[in-house]
Each structure stands twice: as structure tokens, then as C-alpha cells.
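The block underneath contains the structure these notes are about, expressed in C-alpha cells.
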Amino acid sequence: MKMYKLMLGLVLAGLVSLSAQAIEQRDYHKDVIGKDCKSCHDQGVKNYPSDQACLQCHDVDELAEETARSEEDKWQNPHNNLHYGKELPCIECHGEHKAKKPICSNCHTFKYDKHKE
Amino acid sequence: MSNKDLLGRRNFIKGMGAAAGVAMAAPALAVSESANGVKWDKEVEVLIIGSGFAGLAAAIEATRKGAKDVHIFEKMSYFGGNSAINGGLFAAPDTPMQKQEGVKDSVDTMVADQLAAGRGIADEALLRHVAEHAVEALQMTLDAGSEYHPYLQQLGGHSVARTYQTTVSCGAGITQPLLQECRKLGVHTHNRAKFDGFILDEKGGVVGVKMREGYYFDKPESGELVRIKARRGVIMATGGFAQNINMRMAQDPTLTAEVGCTNAPGATGEGMFEMFRLGAVPVHLAHIQSGPWASPDEGGFGYVSNYSIYNFPHSIAIDRLTGKRFMNEIADRKTRADAELNCRDAQGNALPPILITSYEDSKQHPNTKKVLKYNVGWKFDSIDALAKHFEVPLAPLKKQIAEYNEYVKTQSDPQFGKNMTEAKGKFIQAPFTVVRLWPKVHYCQGGVQINTKAEVKDSLTGKPISGLYAAGEVCGGIHGVSRLGSCSIPECMVMGMTAARIMMQA
Ligand SMILES: Cc1cc2nc3c(=O)[nH]c(=O)nc-3n(C[C@H](O)[C@H](O)[C@H](O)COP(=O)(O)OP(=O)(O)OC[C@H]3O[C@@H](n4cnc5c(N)ncnc54)[C@H](O)[C@@H]3O)c2cc1C
């Protein structure tokens with residue numbers, strides 16, 4: 001739902017185009033966000049996106065459901081984990097332009113096969 | 001520190017993961033300033049810095065004592081500090097579970113155990129104050145919804161079983177309920193807010209702080225500086241400095257960036273430095289504890305640490321070069337860490353010793369499953385297979401196990417004087433589970449001096465610095481040379497609660 005609103009907004013605004021410089025971007029983000037840096041970089045292009053930026057389109061409860069694990073490992077759910085619940089800001093584990101290790105790898109050897117590192 | 005040094009240092013520790021941010025984090029501009037003519041951006045009633053056990057307990061207690069406008073400021077993007085990744089082990093004397101299990105204990109006994117590990121330089125008054133109020137802190141966690149395993153554990157250096165552990169075997173089983181409780185009570189919690197110095201009145205008392213809001217840990221100069229007035233005072237609950245490589249090496253040059261560390265990345269100590277700058281008394285900074293239960297096969301505390309802590313009483317630790325035991329498996333931490341560091345191959349290279357436990361006993365703890373599943377521990381059906389895997393000489397190992405099993409029977413360990421009470425009936429027999437051990441930098445016994453009112457003493461006047469309180473690992477001298485396991489949670493919480501009580505009375 002939110003996603004459509006954002007897309008509509010982008011279309012109406014006319015895509016603000018970026019310099020030719022290619023940057024790493026997830027395919028599904030290319031489709032939705034295109035080259036409008038500011039749709040994520042809400043604190044200025046030189047700064048990280050705010051902790052709310054990703055939540056314009058992504059819903060943490062939905063994410064937590066998608067990455068739920070078996071009862072035995074339920075607290076290894078990165079989107080609802082033992083140490084920080086659902087509160088860990090996205091950028092602690094995800095980097096859009098540069099791959100990043102999940103924060104849990106500081107202490108654990110968990111494997112998250114779909115996580116881009 | 002010049003910029004050039006910073007860069008050199010940065011290159012030196014490049015690739016050290018979380019540690020890389022640390023050397024750069026030294027704030028160049030943080031100094032206290034006078035409140036004279038300050039334009040306050042905000043005003044709060046109770047101002048708490050740090051969101052671990054000490055800060056959370058202080059916030060809850062302040063609210064219970066009538067404070068209406070309590071704020072916790074945390075520099076990281078997430079709340080909880082070391083407390084949120086801690087082992088969830090909580091020692092207290094005279095508890096309901098001790099009564100249930102028939103364990104005889106008292107405040108005096110707990111203090112005596114801690115004084116022994118403190119090797120003559122612990123602070124008896126503070127230890128006593130904490131032990132006397134530990135059950136109140138435990139109750140605060142229960143009220144907030146913490147749950148504990150239905151059994152007690154006897155940790156190294158403790159003369160009786162007095163340690164509770166959360167069912168999730170982690171401090172998060174306490175910090176998460178306390179954080180929710182704070183919010184339920186209306187405590188304001190701010191992340192990405194870094195304390196950057198005190199603001200003082202004419203008499204040198206603390207009346208407010210400088211804070212960087214919108215702070216990003218990997219960008220030291222980030223955030224906007226605001227000045228916040230604290231009507232009742234400031235509680236510093238900023239934790240230890242084990243992740244500050246420069247600082248820990250200044251105290252102990254052997255604790256280089258290569259030595260593992262169990263702490264959260266934010267344990268860099270600048271809150272403590274600012275208090276020193278103000279005049280606080282530095283105590284025991286060189287006493288930095290390494291954890292003897294850590295594993296070289298995973299980062300930080302991981303899964304193995306709690307596995308070993310639970311299993312040490314009924315396990316044997318073996319030097320792989322000799323096939324023999326080399327320590328009392330439940331001696332205090334310093335004794336064990338020093339003994340482990342001596343386990344080396346013929347060339348003098350580190351040869352992490354192994355901890356052998358009967359699967360029958362180890363499987364009682366939930367971490368055993370995790371340790372095996374995540375390949376940081378191994379299961380063997382015979383001594384032969386185990387010896388072969390770790391290249392331990394078989395004959396001496398077999399002999400050692402037979403001898404130790406005799407000690408289990410006679411309840412006395414002539415080899416290392418281990419207290420065999422908790423090992424009763426627990427023979428070392430197949431199948432076995434095994435982990436490797438190597439100490440990691442874990443806890444700072446040193447910090448600022450406080451009294452039993454959580455007031456911070458001024459080194460020049462000998463009097464408390466007005467408006468300033470400190471609680472938790474940022475304080476020093478309480479435990480002396482070696483803190484006993486599970487004694488930090490009660491200390492952090494009791495001193496946080498104490499700071500709040502005293503502040504609300506003042
Ligand atoms: C892995 C691990 C396991 C442990 N297990 C146990 C155990 O089972 N039992 C036990 O008793 N003890 C244990 N300990 C020790 C105990 O957890 C710590 O001593 C305790 O958590 C310290 O609590 P604290 O509230 O003082 O500090 P912390 O919990 O570290 O909180 C301090 C907070 O202050 C923040 N901060 C620092 N500087 C600033 C600043 N300038 N501005 C704003 N915020 C700042 C930090 O980011 C941090 O979040 C363990 C420690 C570790 C690391």
C-alpha cells in the first residue's frame with residue numbers, strides 16, 4: 001500500500017535524475033526508487049538514511065514474519081531478535097550501496113542465506 | 001591526539017571489525033563548560049546517560065520515587081549496551097530459590113566470597129550495600145516480566161549456588177522487560193544521543209550536559225550539539241571501556257587489538273574520561289578482567305561462554321599438550337584465565353585448552369544444542385575419537401579422567417582443590433561434548449570512585465561532586481582484582497536504584 005503511494009509520488013515529481021555515476025543498488029529498489037537518492041537519503045545525500053527511511057515502504061512486523069525461525073531458534077529472527085526485539089535500525093545490518101555483515105556476526109556464526117554480504 | 005596519529009591507528013586496526021570505530025571515537029572537543037550564560041535547548045528532571053542495567057534500573061526507581069520527567073540518553077542506535085548481550089547470570093544471597101534448594105547463604109557469605117577474589121583491594125562497604133539490596137533488584141526484574149531457569153548455578157569463586165539465570169540465558173531477558181517497563185512508566189528513551197561533556201555551575205556542580213543528537217557511532221563528529229539542563233542531577237551509567245583499545249593497552253599493553261573482546265562496540269569509556277576531567281577519583285583502571293569461558297571459535301561471548309559457565313563445575317579442562325588438567329575449573333576468573341594463557345605448544349604458540357563434559361550433564365543447558373548446531377562445540381562417542389580430533393596424548397588423558405572420576409566419588413580434588421559439591425555423581429563418561437577455551441577481554445574493574453550513595457567523589461576536595469551520580473561498570477574499585485561472575489548485574493542495578501533514591505531525596 002505504502003509502496004504504491006511512494007511510487008505515485010515519484011512519478012508525479014518526475015524522477016530527479018542522478019549524475020551518471022553508477023552505484024550499487026538492489027534490483028527491486030531500482031524498479032521502485034530509481035535514481036531519486038532523496039527518497040531514502042532523507043537526511044541529505046551525504047548522510048545515512050534516517051532510521052525511519054526504509055519504513056516508508058517496509059513494515060517491520062511483516063519482515064519479522066518473513067524471517068521467522070522455528071520455535072527453537074525463534075530469537076535468531078533478525079527482525080525480532082533476542083537482544084533488541086524489533087528495534088534494531090535497518091542500517092545496522094543492511095547497506096544498499098555496500099554489502100554489510102549482520103550485527104550478530106560480531107558474536108555468532110549464524111547463517112542468513114539470503115542476506116547480501 | 002593529532003589527526004595523523006588517528007589515521008595511523010586507524011590503518012593499524014583496519015579489518016578489526018567493530019573495533020575499527022573505536023580509536024576514531026575519541027571526541028576532540030568534549031570538555032565541560034560553565035553554565036554561565038548558557039542557552040539551554042531543553043530541560044529535564046532526571047537525566048540518565050546509558051541504557052544498560054544501571055541506567056534502566058535508575059530510571060524505573062526514579063519514577064517510582066515520584067520523578068515525572070525522566071530521560072535516558074544512549075549514544076548507540078540500539079539500547080542496552082553490554083547488558084543486552086550479557087549472560088543473564090544474576091547472583092543474590094538469601095533468595096527464594098536458595099530456600100527451595102536448601103542452600104544456606106547470607107549477605108556476609110556473598111561479601112566474603114567477593115572479598116577473597118578481590119585479593120584485598122575490593123571495597124567492602126560497596127559490596128555489602130549491593131548484597132543487601134540484591135534481592136530488591138531481582139524483584140524489580142521479576143516485576144517487569146523477567147523469567148529465570150528453575151535452578152541455581154554455582155559460578156567460579158562462589159562458595160555456594162546463588163546464581164539465577166534468565167530462561168533466554170542472556171541479559172536481554174532483563175534489559176528488554178526493563179526497557180518496556182521504562183516506557184510504560186513514561187520514561188523518555190533517546191537513542192543516537194551521545195553525551196559530550198558536563199555543564200557546571202559556579203561552584204563546579206553538575207547542572208546539565210552537552211549532548212550530540214542524531215549521532216552515528218561510526219561518524220564521531222556527527223549529530224547536533226544541544227545543551228540540556230538537569231533539574232535534579234545527572235546519573236552516569238555509561239559502562240566500561242574494554243572496547244577502547246588505546247585505553248586498555250595504556251593499562252595493560254598485552255591487551256592488543258588482536259585479543260578478543262566480549263563487549264558491545266559502545267564500551268569505549270568517554271563518559272568515564274569526562275568524569276576524570278571533572279575531578280573524579282580513578283580507581284583500579286589496570287584491573288581488566290578476561291573471561292576464561294570464552295571460545296576462539298566464535299566472536300565475543302557467543303554461545304560457548306554460557307555453555308562453559310554452566311558446565312565448569314562438572315567438567316575437566318585439559319591442556320592439549322599434556323592431556324592433563326591444569327586448573328581448578330571453578331577458581332575465580334583471573335586464576336583460570338592466567339592458567340589458560342599458559343597452554344601453549346612446543347613453539348610457544350597459543351594452544352587453546354579443551355573443556356570435556358559428559359553429554360548427559362551438558363545437555364541440561366539449552367546452549368549445548370546451539371553450540372553443537374553452530375559448530376563451535378563437538379560431540380564424541382569415545383575418548384579415543386576425542387583425543388584424535390584435538391591431538392591430545394591418549395594415555396595421559398585416559399589416566400586423568402580415571403583420576404578425576406575418583407575425585408567425583410570422594411568429593412575431594414587433591415589435584416587442584418576444586419569444590420566438588422556440584423560435581424556430585426557427575427562422572428566424566430561417554431558420550432562427551434567438548435569446546436575450546438581462550439580468554440577474551442571482558443570487564444573493567446576500574447572506573448570512577450563512588451560511595452554507597454552512588455555519589456562521585458572529587459579527588460581534590462574529597463567531597464561528592466554536586467549533581468553527579470554514577471552507577472554500573474563505569475565505577476571502579478568495588479570488586480578489586482577479580483569480579484566474581486554474576487555479580488555485575490546486582491551491582492549495576494542496585495547502584496542505579498541507589499543513585500535514583502539519593503537523587504530524589506536530595
Ligand atoms: C558478553 C558479556 C556477558 C556478561 N555476562 C554477565 C553475567 O551473566 N552476569 C553479570 O553479572 N555480568 C555479566 N557481564 C558484565 C555486565 O554485563 C556488565 O558489567 C554490565 O552490563 C554493565 O552495565 P552498565 O549498565 O554499567 O553498562 P552497559 O550495559 O554497558 O551500558 C552502558 C551504555 O552507555 C552507553 N554509552 C557509553 N558512552 C556513552 C556516551 N558518551 N553517551 C551516551 N551513551 C553512552 C553505551 O553505549 C551503553 O549502551 C557480562 C558482560 C559481557 C560483555
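Grab the helices (runs of 4 or more DSSP H) fully contained in the range B:267-353, keeping just those with 1 or more residues being under 29 Å from B:Lys369 (Cα atoms) and either open to solvent by less than 10 Å² (accessible area, probe 1.4 Å) or not assigned by TED's automatic domain parsing to the domain that holds B:Leu155 (or both).
Hits in the range B:267-353: B:304-311, B:333-341.
Any residue at all in the range B:398-415 that is more than 13 Å from the ligand (Cβ to nearest atom), in the same structural domain as B:Gly118 (by TED's automatic domain parsing) and either in a helix (DSSP H, G or I) or crowded, with 24+ Cβ neighbours inside 10 Å (or both)?
No.
Within 18 Å of the chain's Cα centre (by Cα) and either of a type outside the set (Lys, Arg) or closer than 22 Å to B:Gly299 by Cα (or both): is that true of A:Leu82 in this structure?
Taking the combined requirement at face value, the residue does not satisfy it.
Looking only at the range B:205-219, filter to residues that are within 16 Å of A:Asp51 (Cβ to Cβ) and part of a loop (DSSP other than H, G, I, E, B); which one of those is farthest from the chain's Cα centre (by Cα)?
B:Gly214
So, B:Glu202, is that one away from chain A (no Cβ under 11 Å), part of a loop (DSSP other than H, G, I, E, B) and either out of contact with any strand residue (DSSP E or B) (no Cβ under 7 Å at 6 or more places or on another chain) or on the phi > 0 side of the Ramachandran plot (or both) or not?
So B:Glu202 passes the test.
Tally the residues that are outside any loop (DSSP other than H, G, I, E, B), of a type in the set (Gly, Ala, Ser), open to solvent by 20 Å² or more (accessible area, probe 1.4 Å) and more than 24 Å from B:Thr335 (Cα to Cα), restricting the search to the range B:106-150.
Of the residues in the range B:106-150, 2 are outside any loop (DSSP other than H, G, I, E, B), of a type in the set (Gly, Ala, Ser), open to solvent by 20 Å² or more (accessible area, probe 1.4 Å) and more than 24 Å from B:Thr335 (Cα to Cα).
Of all helices (runs of 4 or more DSSP H) completely enclosed by chain A, which ones contain at least 3 residues that are at pLDDT 85 or above, over 30 Å from B:Cys170 (Cα atoms) and open to solvent by less than 100 Å² (accessible area, probe 1.4 Å)?
A:27-33
Among the numbered criteria (1) in a loop (DSSP other than H, G, I, E, B); (2) at pLDDT 95 or above; (3) away from the ligand (no atom under 13 Å from the Cβ), which single criterion is violated by B:Gly472?
Among (1) in a loop (DSSP other than H, G, I, E, B); (2) at pLDDT 95 or above; (3) away from the ligand (no atom under 13 Å from the Cβ), B:Gly472 violates only (3).
Please specify each residue of the range B:120-130 satisfying the condition of being under 20 Å from B:Thr95 (Cβ atoms) and over 17 Å from the mean Cα position of the chain (by Cα).
Residues satisfying the conditions are B:Arg128, B:His129.
Regarding A:Ile103, is this residue of a type in the set (A, V, I, L, M, F, W, C) and free of Cβ contacts under 8 Å to residues at least 24 places away in the same chain?
yes
When you check B:Val103 against the structure, is it part of a helix (DSSP H, G or I) and either outside the structural domain of B:Ala267 (by TED's automatic domain parsing) or on the phi < 0 side of the Ramachandran plot (or both), yes or no?
For B:Val103, the condition - part of a helix (DSSP H, G or I) and either outside the structural domain of B:Ala267 (by TED's automatic domain parsing) or on the phi < 0 side of the Ramachandran plot (or both) - is not met.
Residue-wise test of (1) at pLDDT below 95; (2) within 14 Å of chain A (Cβ to nearest Cβ); (3) closer than 30 Å to B:Ala117 by Cβ.
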position	(1), (2), (3)
B:Asp332	yes, no, yes
B:Lys370	no, yes, yes
B:Asp413	no, no, yes
B:Lys440	no, yes, yes
B:Gln445	no, no, yes
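Could you tell me whether B:Val130 is more than 16 Å from the ligand (Cβ to nearest atom) and either farther than 22 Å from B:Gln445 by Cα or not acidic (Asp, Glu) (or both)?
Criteria not met by B:Val130.
Would you point out which residue out of B:Gly186, B:Gly208, B:Gly204 is within 15 Å of the ligand (Cβ to nearest atom), more than 21 Å from A:Asn47 (Cβ to Cβ) and open to solvent by less than 40 Å² (accessible area, probe 1.4 Å)?
Criteria check complete, one pass: B:Gly208.
Looking at B:Lys457, B:Lys463, can you tell me which residue is among the charged types (D, E, K, R), without any contact (Cβ under 8 Å) to a residue 40 or more places away in the chain and open to solvent by 10 Å² or more (accessible area, probe 1.4 Å)?
Checking each option against the conditions leaves just B:Lys463.
Checking B:Val435 against (1) out of contact with any helix residue (DSSP H, G or I) (no Cβ under 7 Å at 6 or more places or on another chain); (2) open to solvent by less than 10 Å² (accessible area, probe 1.4 Å): exactly one of these is not met. Which one?
Evaluating B:Val435 over (1) out of contact with any helix residue (DSSP H, G or I) (no Cβ under 7 Å at 6 or more places or on another chain); (2) open to solvent by less than 10 Å² (accessible area, probe 1.4 Å) leaves (1) as the failure.
Counting only residues that are away from chain A (no Cβ under 12 Å) and within 15 Å of the ligand (Cβ to nearest atom), how many does the range B:286-310 have?
Of the residues in that region, 11 qualify.
Scan (1) polar (S, T, N, Q); (2) within 14 Å of chain A (Cβ to nearest Cβ); (3) part of a helix (DSSP H, G or I) for the single condition B:Asn263 breaks and write down its number.
(3)
So how many residues does the range B:480-506 have that are in a loop (DSSP other than H, G, I, E, B) and near the ligand (Cβ under 10 Å from one of its atoms)?
5
Return the residue satisfying two criteria in turn: it lies in the range B:373-387 and is touching a Ser or Thr at 6+ places or on another chain (Cβ under 9 Å) and away from chain A (no Cβ under 12 Å), and of such residues it is farthest from B:Arg436 (Cα to Cα).
In this case the residue turns out to be B:Phe380.
Among (1) within 14 Å of the ligand (Cβ to nearest atom); (2) closer than 29 Å to B:Pro464 by Cβ; (3) among the β-branched types (Val, Ile, Thr), where does B:Ile199 come up short?
With (1) within 14 Å of the ligand (Cβ to nearest atom); (2) closer than 29 Å to B:Pro464 by Cβ; (3) among the β-branched types (Val, Ile, Thr) applied to B:Ile199, the lone miss is (1).
The values are calculated or read from the model by the stated rules, or taken from the named source; none is laboratory data. Everything quoted here is computed from the prediction, not taken from an experiment. We place every Cβ from the backbone using ideal geometry, glycine too, and count neighbours over all the protein chains shown. What goes into the accessible areas is simple: the full protein's heavy atoms, side chains included, and nothing from ligands, DNA or RNA. Shrake-Rupley method; radii C 1.70, N 1.55, O 1.52, S 1.80 Å.
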